[in-house]
Structure formats: structure tokens, C-alpha cells
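The values are calculated or read from the model by the stated rules, or taken from the named source; none is laboratory data. Because the structure is predicted, anything quoted here is derived from the model rather than measured. Because the Cβ atoms are built from the backbone with ideal geometry, glycine has one as well, and the counts that use them run over all protein chains shown. Heavy atoms of the whole protein, side chains included, go into the accessibility calculation; ligands, DNA and RNA do not. Shrake-Rupley method; radii C 1.70, N 1.55, O 1.52, S 1.80 Å.
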Amino acid sequence: MSRQTEGQQFASALGMGNASPEGPRGDSPVLPPPAGPLYEAKPKPGSARAAEGETLEVAVGPHHPSTHGVFRMDVVLDGERIISLKPRFGYLHRNHEKLCEGGTYLMAIPYTDRLDYFCSLTNNWAYVLAVEKLAGVEAPERAEYLRVITAELTRLLNHSCLVGFLLQDMGAMGTPLMYAFREREKLVDLFEELTGARMMCNYMRFGGCRTDASAGWLERTRRVVDDFPRFLDEFEDLLTSNEILLARTQGVGKLSAELAINAGVTGPMLRASGVAYDIRKAAPYGIYERFAFRVPVGEHGDVYDRYMIRMLEMRESVRILKQALKEIPEGPVLNPKARRRNFRPPVGEAYGRLEAPKGELGFYLISDGSPRPYRFRIRAPSFINLTILEDMCLGHTLQDAVIILGSVDIVMGEVDR
Amino acid sequence: MVEEGLRNELSRQNIFLTSIQELYNWGRRNSLWPLNFGLACCAIEMIAASMARFDIARFGAEVFRPSPRQADLMIVAGTVTKKMAPMVVRLYNQMPEPKYVIAMGACAISGGPFKRGYNVLKGIDRYIPVDVYIPGCPPRPEALLHGLITLQRKIAGERLTGPERPRHLRELEPSEYPIPAYGPYDLDPPKNTELWHPKPFVRDA
Ligand code: SF4
């Protein structure tokens with residue numbers, strides 16, 4: 001099979017090939033395909049083969065099982081190796097920022113749920129932090145504990161699902177993802193009991209949390225948290241020293257600490273490159289100073305380190321959870337002085353940020369004294385982590401690009417907003 | 001047609017009666033192959049439905065195919081933006097007949113929470129025919145299973161001949177729909193007028 005037809009078949013399997021202009025019955029109206037080829041062989045400087053014009057452009061996505069949503073990479077291949085990769089965003093641009101500017105401060109909270117739909121609770125918290133800074137509201141003690149507990153549960157959920165998806169991208173169809181979703185079900189059950197929704201929790205409010213946790217909920221959470229290390233051991237037995245996983249991930253997609261810092265990469269990606277920067281330690285928010293936990297740091301900045309960092313972070317989250325569940329005090333969960341209806345923060349601006357499972361999530365708000373934010377801006381970690389995708393993928397094969405993308409941990413809702 | 005009581009009686013005697021139509025529909029409705037196609041948040045619940053706890057395999061629909069050429073059920077799970085809508089229609093066109101569409105979640109039905117957005121398509125049924133709508137934001141996996149069972153009932157009731165036969169058995173009905181283009185202001189055309197007939201909204205006096 002020549003390389004060109006291989007590419008054509010690949011592209012059409014992705015839904016990107018030229019659909020036949022006529023339907024099978026030849027009677028249906030179909031608009032003509034877009035002018036010009038969707039991919040073409042174009043000489044690129046730098047390699048002998050490229051000089052002969054023997055490169056191949058493949059559009060991976062927007063419909064592709066391994067792109068984690070509607071994301072597209074325009075890849076130029078020289079033989080098997082990637083010589084250029086352009087991420088294309090915008091297929092899930094849902095106008096979050098504009099819609100939130102059109103509504104009141106309270107109305108923006110459900111939209112934050114839908115940004116990074118694995119971690120609705122940390123999104124809530126980051127937004128609420130910004131509003132609390134803007135208006136100078138404080139949350140009661142118990143609410144702060146509940147925030148830490150739900151945020152760390154979210155981190156467990158996100159990281160375990162991410163590892164499952166990463167393994168799915170490597171070709172381990174089913175099993176690791178199945179295990180991860182088994183744990184996810186336990187965690188979303190807790191969320192459902194506490195907030196009424198499995199995914200879109202809409203739980204935090206400026207000045208506290210919406211509902212109180214019952215003693216039974218805390219007990220069930222304790223049980224889930226105590227059980228979690230067993231799952232992690234099982235997962236690690238299965239994966240950490242697995243020969244195939246080592247072969248596929250070690251030395252793949254290296255990211256140097258300089259580049260990571262210069263590009264503004266945050267979260268597990270940055271720590272895997274050897275930079276110990278965690279907002280929970282560097283600029284503690286909430287009550288994180290009270291807990292003892294370590295920040296795992298990688299050495300090589302490859303996909304394996306990113307995988308490992310997430311496994312270790314989950315163990316640290318379990319540690320934080322155990323402390324928080326032990327110390328949680330009784331009391332109200334909502335500050336009675338904080339208004340939610342007819343809420344008008346004073347004129348000013350505020351930036352609230354926290355360590356979301358994917359990196360630094362920040363909300364930048366400008367208030368003009370009206371009930372609606374004048375400017376609502378989201379600093380989405382996965383968007384910024386994605387900008388260096390090309391640098392990590394150059395010289396690797398397309399299969400490696402897929403797992404490098406998987407290890408970045410993106411959610412398109414947040415990338416495109 | 002044999003009447004129901006007699007059929008039950010015969011089946012107790014280990015005699016099974018069926019018709020080609022029933023056999024055909026029975027086979028097809030129990031082996032729907034969905035397209036592995038997630039757009040946004042709802043896709044996570046779709047994945048959850050295919051995992052161990054909800055186990056969509058009990059209903060014969062666990063074979064998620066990455067290629068539209070091998071799928072016969074499209075679950076539109078998530079927000080369809082105007083940039084993505086042409087691809088969704090193209091994927092639908094590439095699926096072989098007979099094919100079905102489930103619109104999962106408020107976004108796929110109407111734009112959902114993002115309906116006021118400038119870049120969000122207000123319902124995928126403007127371009128492709130939808131068989132089952134599942135409301136929710138996101139619908140629970142149980143709701144997806146219910147939607148799937150509803151679709152299976154619909155398939156079970158299909159007739160192979162006669163004037164009531166479904167779309168894919170009529171020669172004059174199209175099996176592909178025009179793919180909208182990304183125009184300067186909006187999708188062009190903004191809706192497929194042959195397909196989309198919303199009920200006029202009447203306010204009570
Ligand atoms: S209906 Fe809700 S959960 Fe589903 S895609 Fe739309 S916003 Fe997300």
C-alpha cells in the first residue's frame with residue numbers, strides 16, 4: 001500500500017476525508033466538499049525526504065477516539081516521524097466568558113461546572129475564591145474543610161480517570177479505564193449525595209458551601225478514602241512496572257524545565273519536569289497550610305514521569321483527606337453576612353487561583369459595581385499546557401503524539417471555553 | 001399474523017412462530033453499534049454508561065466503533081458548536097443505512113445552558129433527523145440506557161413494507177443531508193428546512 005492511500009484511508013476513517021459528493025443513491029443533495037485538498041504533500045525544509053516532497057499531512061480529529069474530545073492536530077509526517085504539529089482548537093467554544101458577563105455573579109457558578117467537566121468542584125472553588133476576594137467575604141471554618149475535602153476528592157477522580165484514558169490511548173482497551181471508572185462511581189456517588197448531582201455539582205457559594213454534609217456522608221467518605229490506597233496499589237501493580245507501559249512512555253515527550261516555565265505550564269506537567277511548584281504550597285489558599293503533605297516532583301519530564309506524578313499525587317491527596325476528615329469542626333457552612341441575591345461587589349478587580357488537578361486555574365474578575373461582572377476571564381490550565389504540544393511531539397511518531405496528548409490531560413470544555 | 005394468545009400458547013409447547021420482519025428487527029435492535037463520538041461533558045456519562053456499573057453491553061450496544069462506516073447509532077453527546085456542526089453532519093452522512101441518532105443532553109437537543117451563546121448550534125435536529133431525545137445536563141447513565149431501550153422499541157415496531165415503513169426503506173427519502181458551510185455570520189444554511197419543523201409556540205391566552 002502506498003503511503004498516500006494509507007493516509008487517505010486514515011483520514012477518511014477520521015471523518016476528515018472527502019465525502020463522496022453524491023450519496024449512494026445519487027439523488028441526495030450534498031454540498032460540494034471544501035475547495036482544495038484537506039491534506040497534501042508539501043515539501044518542508046530540513047530533511048532529505050522533505051526536500052523530495054515526500055511528507056504527508058494528516059489531520060487527526062476533530063472526531064478521533066484519542067483526542068479527548070473535539071480537538072484537532074494537523075500533523076506533518078516525514079515517514080513515521082512528526083516534523084510539524086499544529087493544534088487546532090475552537091470546536092467546543094461555548095462562549096463561557098461572554099455568557100457569564102451577561103449574568104449575575106451567582107449565575108456564573110453553573111457555567112464554571114461545565115468548564116472542566118471532570119473537576120466541577122475545583123472550578124467552583126476557584127471562581128468563588130475570586131468573588132470572595134473581590135467582595136471581601138469569608139467562608140466559615142466548616143465550609144473551608146468541606147471545600148478541601150471535595151477538592152481533593154475531585155483530584156482523585158480526575159487523576160484516576162486520566163490514567164485510565166492514558167492507558168486507553170496506549171491500546172490497553174478497557175481494563176485500566178474500567179478500574180478507574182469503578183472508583184469514579186464511588187466518588188460521584190459521594191458528590192451526588194452531597195450536592196445532588198453526579199458531575200455538575202454547583203456546590204460552592206461566595207461565603208461558604210450550599211449544603212452541609214451529614215455525619216453519614218463524612219463516614220462514607222472516610223470509608224471510600226480509606227479504601228482508595230488499595231485501588232492505587234492494584235493500579236500500580238498493574239501498570240507502574242509494566243514492560244509495555246515503560247517501553248511506550250519512558251523518554252517520550254520530554255519537556256525541559258526551562259521550556260515548561262517559559263510557556264507557563266503548571267500543575268502535574270510542570271512538576272514532572274522537575275519544578276516543585278504547587279499553589280497549595282507556594283501561595284496557600286483556603287486552609288491548606290494546616291495539612292501536612294508532600295509535592296511529588298519528577299526528573300525527566302517524560303510521559304512516564306507525568307503518569308507517576310499523578311499516582312503519587314493521589315496518595316498525597318488521600319493523606320490530606322484523612323487529616324481533613326479527622327479535623328473537620330461542627331458549625332455553619334454559609335456565612336450569613338454574605339449576600340447572594342442582589343449581590344453587588346465594590347468596584348475593583350480580583351484574581352482567584354488555585355491548584356486544580358490540571359494546573360493553575362484562575363478567574364480574573366473586574367467589577368464595575370453592578371450585579372454583573374464587567375470582565376470575566378478564565379485562565380484555563382489545560383489550554384496553556386497544550387500550547388507546547390508541538391515541542392514535545394517533534395521527532396516522535398504519531399502513536400507517541402497520541403499518548404503525549406493524553407499525558408497533558410486536557411478537557412476541551414476548558415481549552416476552548 | 002397469528003394472534004398473541006395463540007402464539008404464547010404455542011411457545012409453551014416449544015413451537016415458536018415469527019415473521020421475517022420480527023426476526024429482522026429483533027436482530028438489529030439488539031446489536032446497535034454506537035459511534036465512539038463524544039463532544040463535551042455528556043460524553044463522560046456516555047463512557048460511564050459503557051463501563052462496569054451501568055454496562056450498556058446488557059443491551060447489545062457496547063461495541064463503540066471509532067469509524068462512522070462501522071456504526072449504526074450516533075449518540076450526539078454534548079454541545080454542538082457551529083464549528084463542529086458540519087463535521088457532525090458529515091459523520092452522519094458517512095454512516096451506512098439503517099442509522100439512528102440519539103440526541104443526548106440539553107445541548108444536543110436545543111443548545112442547553114449555552115443556548116444564548118453566539119457559537120452554539122441550537123439543536124442538532126436542525127440538520128439531521130433525531131430518533132430519541134434524552135433531556136438532562138448531563139443525563140444520568142440510566143437515562144441513556146432508557147433512551148437506548150426506547151430506540152430499541154422504536155426499531156421493534158418498524159415495518160418492512162407498506163406506507164409506514166421507516167425512512168431508510170423509502171426510496172425517495174435521502175440518506176445523506178446537506179452539510180452546512182461555515183458562513184461569514186452563521187452556518188449556511190442555518191437549518192435544513194425540509195427536516196426541521198418546530199411546532200409553533202403558542203402562548204396561553
Ligand atoms: S447538556 Fe450539559 S452536560 Fe451535556 S454537554 Fe451540554 S452542558 Fe454539558
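Which one is nearest to the ligand (Cβ to nearest atom), of the residues in region A:377-415 that are in a helix (DSSP H, G or I), among the acidic types (Asp, Glu) and touching a helix residue (DSSP H, G or I) at 6+ places or on another chain (Cβ under 8 Å)? Of everything passing the filter in region A:377-415, A:Glu414 is nearest to the ligand (Cβ to nearest atom). Which residue is farthest from the ligand (Cβ to nearest atom), if the candidates are limited to region B:127-140 and must be open to solvent by 20 Å² or more (accessible area, probe 1.4 Å) and not hydrophobic (A, V, I, L, M, F, W, C)? Within region B:127-140, the match that is farthest from the ligand (Cβ to nearest atom) is B:Pro129.
Here is a yes/no grid of residues against (1) assigned to a loop (DSSP other than H, G, I, E, B); (2) crowded, with 18+ Cβ neighbours inside 10 Å:
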site	(1), (2)
A:Asp233	no, no
A:Ala247	no, no
A:Val252	yes, yes
A:Leu259	no, no
A:Thr266	yes, yes
A:Arg271	no, yes
A:Val275	yes, yes
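Restricting region B:141-173 to residues that are within 14 Å of chain A (Cβ to nearest Cβ) and surrounded by 19 or more Cβ atoms within 10 Å (Cβ to Cβ) leaves a set whose member that is nearest to B:Glu22 (Cα to Cα) is B:Leu144. Taking (1) away from the ligand (no atom under 16 Å from the Cβ); (2) buried (at least 23 other Cβ atoms within 10 Å of the Cβ); (3) aliphatic (A, V, I, L, M) in turn, A:Leu115 satisfies each apart from (1).
In region B:87-96, the count of residues that are farther than 20 Å from A:His64 by Cα and surrounded by fewer than 19 Cβ atoms within 10 Å (Cβ to Cβ) is zero.
If you check B:Ala77, B:Ala85, B:Ala103 for being within 12 Å of the ligand (Cβ to nearest atom) and under 20 Å from B:Glu194 (Cα atoms), only one passes: B:Ala103.
If the condition is being in a helix (DSSP H, G or I), small (Gly, Ala, Ser) and open to solvent by 10 Å² or more (accessible area, probe 1.4 Å), then region A:77-112 contributes only A:Gly102. A single entry from B:Leu39, B:Leu10, B:Leu35 fulfils the requirement of being away from the ligand (no atom under 16 Å from the Cβ), within 14 Å of chain A (Cβ to nearest Cβ) and either open to solvent by less than 50 Å² (accessible area, probe 1.4 Å) or hydroxyl-bearing (Ser, Thr, Tyr) (or both): B:Leu35.
Within region A:326-352, the residues that satisfy the criterion of being part of a loop (DSSP other than H, G, I, E, B) and under 30 Å from A:Phe383 (Cα atoms) are A:Pro345, A:Val347. Test A:Glu355 against the criterion of being away from chain B (no Cβ under 14 Å), among the acidic types (Asp, Glu), open to solvent by 40 Å² or more (accessible area, probe 1.4 Å) and outside any helix (DSSP H, G or I), and give yes or no. Spelling it out, it is not the case that A:Glu355 is away from chain B (no Cβ under 14 Å), among the acidic types (Asp, Glu), open to solvent by 40 Å² or more (accessible area, probe 1.4 Å) and outside any helix (DSSP H, G or I).
Among all positions in region A:167-174, there is no residue which is surrounded by fewer than 22 Cβ atoms within 10 Å (Cβ to Cβ), more than 30 Å from A:Gly395 (Cα to Cα), of a type outside the set (S, T, N, Q) and within 14 Å of chain B (Cβ to nearest Cβ). Counting the residues of region B:18-47 that are farther than 22 Å from B:Thr161 by Cα and not in a loop (DSSP other than H, G, I, E, B) gives 10.
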